[in-house]
Amino acid sequence: MSSISESKIDKYTNLKNSARFNLYNHNQLTRVYPKGTRVDSTNYDPTMMWNCGVQMCALNYQTSDRSMQLNHGRFMDNGGCGYILKPPCTRLENFDPYNTNMLEGVRPVTVNLTIIAARHLPKIARGITSPFVEVEIIGACYDVQKFKTETQADNGLNPVYDTTIEFDVICPPMAYIRFAVYDEDMFGDPNFVAQAVFPFESLRMGYRSVPLKNAYNEDLELSSLLIYLDMFMDEDEDVYTNIHDLRNAMAQISTRIGQEASHISVPDEGKPSVNKMMMLDAEFREKQYQLQTLIEQRKAKKKTKTKTL
């Protein structure tokens, strides 16, 4: 068995070496442990290690942070016995956790999630809770995304959100969903209230009550979220790839616009930078229009299919 420190694991899980490292873990056991400088017993994020086939991610169990919550959620599968199989796609020889073209046998899904309400949220201070809900998708780097509801002021008993979000998950077997409830204080800062993490493929559609836990993954009596979950698989899998590529292109263009903006105040570079920004802005708007068109076409296709059924 190989035992590797967190401080050295990055050179194996990076874009260049991740596929070879995953292949190595087909026949070898690997353990990753926190680096020695974590004197306060904090934890690293184990997600990328799991994506590369690492079997044992040692964490500081005495610390109730997000990483421990993810670990608890990951091992809820298989009856919570502590042993789970790696996703089938990761057991293929050509699997690459960074490459969406290496997901043999995996079907992407579109998720329509409505956060309807919450109830009996615990107080974290003497005042009344002003909660909001954050939904986070964790997994492969191309699936990571985060959404949140509006804050409901002074209502921890039965806040109503009725917020609907729609998102794509390209590799469901490697994904997890995390619900986190925060209290927004008088300064606008979030304070943790409750959470729940589930393997994505264990989710069931329809109206669901999500039992909430505290930071130590202990049940909070009566505390829950009421949600409605619907999933849709597009028969044309290229749609997901096209949407993903357009979003990536928009993010890259946005970064380039920011870089050009930093040159505007530099003498002799202002005019060229302004011209480049105008060109980049036009390109960004074009990609944005293409993305909106693609999403609208998919929604129309979904409605047509629903009516037919």
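Read the figures in this text as sums done on the coordinates, not as results from a lab. Note that the coordinates shown come from a computational prediction; the quantities given were computed from them, not determined experimentally. Virtual Cβ from ideal backbone geometry, glycine too; neighbours counted across all protein chains shown.
Using a cutoff of 8 angstrom between alpha carbon atoms and counting only pairs six or more residues apart, the relative contact order for the chain works out to 14 percent.
Modelled spin labels at Phe187 and Asp281, positioned 7 Å past Cα toward Cβ, are 3.7 nm from each other.
Shape of the stretch 109-233 from its Cα gyration tensor (a ≥ b ≥ c, root eigenvalues): rounded if a/c is under 1.5, otherwise prolate when a/b > b/c, or oblate? Before the final figure, lay out the partial values.
Details: a/c = 1.81, a/b = 1.78, b/c = 1.02.
It is prolate, given that a/c is not under 1.5 and a/b is the larger ratio.
The helix-only estimate of mean residue ellipticity at 222 nm for the chain, built from DSSP H runs of length n ≥ 4 each weighted as -39500 (n - 2.57), is -10000 deg cm²/dmol after division by the residue total.
Each Cα pair under 8 Å and six or more residues apart adds its sequence gap; the mean of these over the residue count of the stretch 10-154 is a relative contact order of 19 percent.
A simple spin-label model places pseudo-atoms 7 Å from Cα toward Cβ; at Asp10 and Ser254 they are separated by 2.4 nm.
For the stretch 101-199, what's the relative contact order in percent, using C-alpha pairs closer than 8 Å and at least 6 residues apart?
On the way: 209 pairs, mean separation 33.7, N = 99.
Over the stretch 101-199, the number comes to 34 percent.
Taking label positions 7 Å along the Cα-Cβ direction at both His263 and Ile165, the computed distance is 3.6 nm, reported to one decimal.
Listed peptides 22-29, 95-102 appear in the order 95-102, 22-29 once ranked by packing, highest mean of other Cβ atoms within 10 Å at the front. The computed P(r) over Cα pairs in 10 Å bins from 0, in percent for the structure shown corresponds, within [x] 5, 21, 28, 27, 16, 3, 0; [y] 6, 22, 23, 20, 15, 10, 3, 0; [z] 7, 30, 39, 21, 3, 0, to [x]. Residues considered: Val210, Val111, Val39. Largest GNM mean-square fluctuation over the chain, using C-alpha springs under 10 Å, is found at Val39.
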